[in-house]
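Here is the structure we will look at, set down as structure tokens.
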Amino acid sequence: KTSQVDSARNFEGHPSGMVSVAWHRDGSLLATGGRDGNVCMWSAVGEFRERLSQKHTSGVHCIAFSPDGLEFASAGKDSTVRIWGASGLYKGVLRGHSGVVTSLMWSPKGA
């Protein structure tokens with residue numbers, strides 16, 4: 001996807017640096033994860049929307065939207081996967097990994 005986001009722009013939602021990025025399927029929304037454990041939401045043109053409240057305890061290594069675009073997941077160094085609604089509503093956490101979660105993928109059927 002292409003966007004009007006300036007690649008040199010400083011994304012103020014991640015003062016320690018951004019590590020992961022995922023575009024919503026319709027291109028209207030961007031979710032990002034930072035070294036500080038924060039997950040942030042942005043408009044397609046890079047305007048900050050919000051920093052989500054249930055942050056990870058350490059860096060967010062990956063973010064992925066569900067195929068239907070209704071949810072996304074974030075995961076990382078704290079060994080958890082957090083599930084969010086596309087609006088940013090926190091839905092829950094999956095625990096049980098014994099180490100860093102370095103990648104995420106949704107089933108093509110959305111499960």
Notebook entry, point to check: Give or take rounding to whole Å, what are the principal axis extents of the alpha carbon atoms in region 69-111, in descending order?
Noted result: 28, 22, 13
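Over the Cα atoms of region 16-111, Rg to Rh with Kirkwood Rh, two decimal places?
Using only Cα positions, Rg/Rh for region 16-111 is 0.93.
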Checklist line | Whole-percent carbon and sulfur share, accessible surface of region 33-72, 1.4 Å | finding: 45 percent
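The values are calculated or read from the model by the stated rules, or taken from the named source; none is laboratory data. Since we're looking at a predicted model, the values are computed, not measured. Heads up: the accessible areas ignore ligands, DNA and RNA and are worked out on the full protein's heavy atoms, side chains in. Shrake-Rupley method; radii C 1.70, N 1.55, O 1.52, S 1.80 Å.
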